[in-house]
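What follows is a single structure, written as structure tokens, with notes after it.
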Amino acid sequence: MLKTFKAELLLVFITLIWSGTFIIIKNALVDVPPFLYSGLRFGLASGIALVLWWKYVKGVTKTEFLQGILLGAFFSIGFLLQTWGLNYTTVSKSSFITGAMVIFAPITSWIIERRRISLPQKIGVFVVITGLWIFAKPDFNNLNMGDIATLFCSVCWGFYITYTDIFTRESKAIGTLSVRLAVVQFVMTTFVALGAYWFFEGNPSRFIADVTHALPSMPFIIAVLYTGILGSVVATYIQTRYQRETTPVKTALIFSIEPILATAMAVVFLHESFKFSELCGGSLVIGGVLTAEIGDAIWKKELPS
């Protein structure tokens, strides 16, 4: 009982960490291009992860490495789209649209494995889509490039969730495998982000100038340290180590509070306004996610007694 409570408390802690990343990144993007920021964030995370987990990483197999590359593709594209999107949308909209990623997993699972989508999942998908539609009303005037990028981010992470489940499903050492895959993803995201920066935002000769320009900025320094260490390495360790100690239903409930906390922080610290339509849409997104996750567990009779 105490072991489970500790695990759930730590999952709440990383949910708080993830909630805080939205406003911290939003502030940092004033001084640094989004792809360069992402490259520096995951460069720091990669270095720390390699040092801390080298004894696990050095034994990575060719299959695990290739799995990490595939996961890293969806992981990195998702993060780049989300970070770029924050330049154009609000923290509240970004957090709620990102929260919809869980609902794409049943769809991507059907696409990849032809796994049947349960009735609660179908209802959840419908409710989430309705919530996202309300976000875009009226006449989609409330929809911008950042929202669209974040939506595609959620789709990428839907594929990421599905492939992670496939690769870890039969593993007898899921903790070690998860760490190895995470490190490969961090390293790949670093290279993808820097490649995107050099292709879209600048060139190698501007790298030093852009970093030098950003370094005196305290929001930039805080963002790289916070998201690179807490939001990436610490959160990955806690999730890998402790999520298995509780149930999927409780995990879904805990993670569902992330957009609520992120929005509250945005209202308090960034003075963002939150429209009534966004409140309704956000409520439906969370409701749809919980319907799919908890309803599916009930449907399969997996709820704990």
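The values are calculated or read from the model by the stated rules, or taken from the named source; none is laboratory data. Predicted model only: the values in this text are computed from it and were never measured. Cβ placement follows ideal geometry from the backbone for every residue including glycine, while neighbour counts extend to all protein chains displayed.
Listed by first and then second residue, the pairs with beta-carbon distance under 9 Å, at least 6 apart or on different chains, first residue in the stretch 86-98 and over 12 Å from Phe274 (Cα atoms) and in contact (Cβ under 8 Å) with a residue 24 or more places away in the chain, second assigned to a loop (DSSP other than H, G, I, E, B) and aliphatic (A, V, I, L, M), are Leu86/Leu29; Asn87/Leu29; Ser94/Leu86. Residue check: is Gly99 under 15 Å from the mean Cα position of the chain (by Cα) and at pLDDT below 90? Criteria met by Gly99.
Of the residues making up the stretch 134-177, those that are of a type in the set (A, V, I, L, M, F, W, C), modelled with pLDDT under 85 and under 17 Å from Thr89 (Cβ atoms) number 5.
Among residues of the stretch 28-50 that are closer than 16 Å to Val233 by Cβ, those with a beta-carbon under 9 Å from a residue that is not in a helix (DSSP H, G or I) at least six positions away or on a different chain give the pairs Leu40/Val32.
Per this entry, Glu278 is counted among residues that are under 18 Å from Gly99 (Cβ atoms), touching a Lys or Arg at 6+ places or on another chain (Cβ under 8 Å) and in a helix (DSSP H, G or I).
Residues satisfying the criterion are absent from the stretch 239-255 (criterion: modelled with pLDDT of 90 or more, buried (at least 20 other Cβ atoms within 10 Å of the Cβ), within 18 Å of the chain's Cα centre (by Cα) and within 30 Å of Ile161 (Cα to Cα)).
Taking the condition of a type in the set (A, V, I, L, M), free of Cβ contacts under 8 Å to residues at least 60 places away in the same chain and either closer than 30 Å to Ile117 by Cβ or touching a strand residue (DSSP E or B) at 6+ places or on another chain (Cβ under 7 Å) (or both), does Leu70 pass? Here the answer is no, as Leu70 does not meet what is asked.
Counting only helices (runs of 4 or more DSSP H) that sit wholly inside the stretch 52-101, those with at least 3 residues that are more than 18 Å from Ile286 (Cβ to Cβ) are 54-57, 62-85.
Counting only residues that are in a helix (DSSP H, G or I) and touching a Phe, Trp or Tyr at 6+ places or on another chain (Cβ under 6 Å), which one in the stretch 16-37 is farthest from Ala193 (Cα to Cα)?
Out of the qualifying residues, it is Ile23.
Would you be able to say whether some residue in the stretch 49-68 is surrounded by 14 or more Cβ atoms within 10 Å (Cβ to Cβ), touching a Gly at 6+ places or on another chain (Cβ under 6 Å) and closer than 17 Å to Gly231 by Cβ? Within the stretch 49-68, not a single residue is surrounded by 14 or more Cβ atoms within 10 Å (Cβ to Cβ), touching a Gly at 6+ places or on another chain (Cβ under 6 Å) and closer than 17 Å to Gly231 by Cβ.
The residue list Phe5, Phe13 contains one member that is in a helix (DSSP H, G or I) and either of a type in the set (D, E, K, R) or under 17 Å from Tyr237 (Cα atoms) (or both), which is Phe13. Taking (1) at pLDDT below 95; (2) in contact with an Asp or Glu (Cβ under 9 Å, 6 or more places away or on another chain); (3) buried (at least 18 other Cβ atoms within 10 Å of the Cβ) in turn, Pro259 satisfies each apart from (2).
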